[in-house]
Amino acid sequence: MNATKTIIVTGGAGYIGSHTIIELIETTSFNVISIDNYSNSTEKTFDRIELITGKKIRNYQIDICNKTELERVFEENTHIVGIIHFAAFKSVGESVTDPQKYYFNNINSLLNILDCSLKYNITNFIFSSSCSVYGNIDELPVKETTPIGKAESPYAYTKQIGEEILKDYSKANSQLQTTALRYFNPVGAHVSGLNGELPLNKPNNLVPIITNAAIGKIAQMTVFGDDYPTRDGTCIRDYVHVSDIANAHIKALYLLIENKNKSNFSIFNLGSGNGVSVLEAIAAFEKISGKKLNYQIGQKRDGDVVAIYSDNSFSEKTLGWTPKYNLEDMMRSAWKWELELSMLE
Ligand code: UDP
């Protein structure tokens with residue numbers, strides 16, 4: 001039994017989960033316990049966390065959809081003061097081809113962990129949401145109050161449903177304080193270059209594809225469409241450094257723990273506030289790496305929204321959070337991580 005106040009991080013071996021654990025270790029005195037079944041991650045991530053912070057993290061390798069197993073974590077650990085729930089499937093494309101996998105896992109795991117929050121009286125709960133809840137939207141930049149559109153994928157729908165579940169649970173159980181953090185496009189790696197995104201399968205996201213192309217794992221990358229109604233014809237996104245995202249979780253957690261939240265269900269946008277096109281992202285990478293990327297212009301990708309970026313003013317004002325890394329920092333750290341991985345292979 002550990003008497004230090006403990007934070008449970010589900011999906012602690014994942015991309016944002018592991019960076020948030022590093023931030024929790026480096027900036028708070030909480031004890032951290034992870035729950036991760038390594039379905040899309042590896043236990044080696046905990047060695048990386050230890051390398052960076054000097055701390056060994058205890059991980060329960062269990063599936064959160066298994067309620068009996070999950071309850072064991074809460075029976076074995078007292079003094080839990082908060083839960084940060086990352087664990088979920090997150091590939092938009094896969095959710096279209098295998099919706100049952102996404103609905104079953106993302107919803108059941110959320111219901112189970114929320115039931116544990118209620119049963120074990122853990123009142124501070126943070127949920128990973130996504131800007132994909134906004135759907136295709138004309139009004140830019142998006143604010144938390146912007147009405148959400150139709151979900152463009154089962155993945156996005158699980159996040160919309162997840163937010164509704166939190167809202168209803170918090171309304172019916174006034175002790176339960178919940179926060180949904182809507183991530184825009186988290187990219188980059190820890191500044192040390194020792195921890196970063198590690199897709200077990202082929203990467204689908206732009207920045208890992210850029211670094212893969214630069215190192216030669218991919219012969220040529222494709223820019224998905226250049227005739228969108230944007231300044232250079234390519235899609236616009238809001239890229240934000242993963243360590244900034246991690247830091248926002250600490251701020252959101254303290255807001256709940258210190259009872260400074262105005263409502264017991266809140267939503268925050270986590271973006272950089274800047275729209276960046278695919279070609280601009282490529283140019284930023286070429287600048288920091290000194291490498292010319294081999295890319296071709298290809299077909300549009302199904303389901304891509306033309307442009308989305310965040311209005312961060314509510315997060316800045318309420319959480320006191322401003323991203324500190326810019327686009328070049330994001331690319332520099334992502335490239336450092338790719339080089340680190342290439343040395344290990
Ligand atoms: N993209 C691209 N080529 C790739 C991967 C992504 O042109 O190989 C584009 C994609 O069409 C989108 C942007 O990069 O406009 C960001 O894509 P990502 O999958 O990283 O994020 P999301 O679309 O989920 O916001």
* Evaluate the range 323-345: report whether one residue or more is modelled with pLDDT under 95 and among the hydroxyl-bearing types (Ser, Thr, Tyr). => yes
* To do: Output the residue which, of all residues in the range 187-213 that are within 8 Å of the ligand (Cβ to nearest atom) and assigned to a loop (DSSP other than H, G, I, E, B), is modelled with the highest pLDDT.
  => Asn205
* To do: Scan (1) within 16 Å of the ligand (Cβ to nearest atom); (2) within 18 Å of Ile21 (Cα to Cα); (3) β-branched (Val, Ile, Thr) for the single condition Ile57 breaks and write down its number.
  => (1)
* Asked: Does at least one position in the range 145-152 carry a residue that is charged (D, E, K, R), surrounded by fewer than 21 Cβ atoms within 10 Å (Cβ to Cβ) and modelled with pLDDT of 95 or more?
  -> no
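Hand me the list of helices (runs of 4 or more DSSP H) wholly inside the range 232-345 holding 1 or more residues that are of a type in the set (Gly, Ala, Ser) and within 16 Å of the ligand (Cβ to nearest atom).
278-289, 327-344
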* Structure fact -> For the range 124-144 the number of residues that are under 12 Å from the mean Cα position of the chain (by Cα), away from the ligand (no atom under 13 Å from the Cβ) and without any contact (Cβ under 8 Å) to a residue 60 or more places away in the chain is 1
* Structure fact -> Residue hits (the range 180-226; surrounded by fewer than 16 Cβ atoms within 10 Å (Cβ to Cβ) and among the charged types (D, E, K, R)) are Lys202
* Structure fact -> Cβ pairs under 7 Å, 6+ apart or interchain, first in the range 17-44 and closer than 14 Å to Ala248 by Cβ and touching a residue at least 40 places away in the same chain (Cβ under 8 Å), second among the small types (Gly, Ala, Ser) and assigned to a loop (DSSP other than H, G, I, E, B), ordered by first then second residue, are Gly17/Gly11
* Structure fact -> Output for Cβ contacts, cut-off 8 Å, separation at least six or different chains, first residue at positive phi and free of Cβ contacts under 8 Å to residues at least 12 places away in the same chain in the range 196-224, second near the ligand (Cβ under 10 Å from one of its atoms) and assigned to a helix (DSSP H, G or I), reads none
* Determine if the range 166-177 includes at least one residue that is buried (at least 16 other Cβ atoms within 10 Å of the Cβ), in contact with a helix residue (DSSP H, G or I) (Cβ under 6 Å, 6 or more places away or on another chain), of a type in the set (A, V, I, L, M, F, W, C) and farther than 23 Å from Val306 by Cβ. => yes
* Structure fact -> Checked the range 214-231 for anything more than 7 Å from the ligand (Cβ to nearest atom) and either farther than 19 Å from Asn136 by Cα or not in a loop (DSSP other than H, G, I, E, B) (or both); matches are Ala214, Ile215, Gly216, Lys217, Ile218, Ala219, Gln220
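The values are calculated or read from the model by the stated rules, or taken from the named source; none is laboratory data. Keep in mind it's a predicted model, so treat the numbers as computed, not measured. In this analysis, Cβ positions are derived from the backbone assuming ideal geometry, glycine residues included, and neighbour counts consider all displayed protein chains.
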